[in-house]
């Protein structure tokens, strides 16, 4: 995939400049001391995702009553269309009519509704919906497709949307800005499948500007460390005990039992513990996101003329030093060479 000459700008800077709702959380985290932990961020709720999609599509996060009414009417029409022409209908001609009617809906604000209404349809209908959105010459299509490819809960739908993003990017020769915004939101805010999908999308699209965020997201020092508990010295009780002991049973007491013309003893058995008791004052969990790390290494190697960065491992400081002293100057040199070639080719024409 060819990429036009452009200055290497950190992805989080693009977010801040565009005033994207998740920009603050998508920025690379500040440096922290080795012992300081950072809570793992929570994944945005479905309502938050839809709100951002609608805002990016030109509507306000809380639509006006007339806008809400229009969207509800559009949704009702689409559900009627689905019930009449798609759903359980197997006749290909009838299904084709339904898909043709679906393509009449070209308002960008309806794109999220299209995906929601047809998400449980057969793959031919879902692919047709995504093709319809991808065919629109609208920036909002980039947002909706990217969000579906990264944040949707359905793996099949994510894969279909990702294919359309790749095609749109190859056609344009560059990664659309709104696609970059969604990837940045995933790398800076999400966790689990969404974070992995965002990292893989950045690698697939050769989005070298995302490398600083991938460095931060792969593990310790970049949102991958969570801690709990407090030291006993701070006035808190121990959070756990671990006993490594050997046990020996013995009779510690005899209780006499007396009856008519009879007497007996009821023994009381106790246990003697001998060994070590460990008091746990504090505990931390370190999470290494291997999928994100693999995407980072693949993207870094591709942008560094195939040279390997695997030896950097999960060392964030080493990665940051490599990016500042090796990768960034290399990419700037590559961009200058591409610009000179483009100027030379234009002059020959």
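Values in this text are rule-based calculations from the coordinates and carry no lab data. Values in this document were obtained by computation on a predicted structure and should not be read as measured data. Virtual Cβ from ideal backbone geometry, glycine too; neighbours counted across all protein chains shown.
When both residues are 6+ apart or on different chains and their Cβ atoms are under 8 Å apart, which pairs have a first residue that lies in the stretch 323-349 and is closer than 28 Å to residue 307 by Cα, and a second that is loosely packed, with under 11 Cβ neighbours inside 10 Å?
If the second residue must be loosely packed, with under 11 Cβ neighbours inside 10 Å, the pairs left are 330/305; 332/7; 335/7.
Answer with yes or no whether residue 108 is touching a residue at least 40 places away in the same chain (Cβ under 8 Å), touching a helix residue (DSSP H, G or I) at 6+ places or on another chain (Cβ under 8 Å) and under 17 Å from residue 149 (Cα atoms).
No; evaluated as a whole, the condition is false for this residue.
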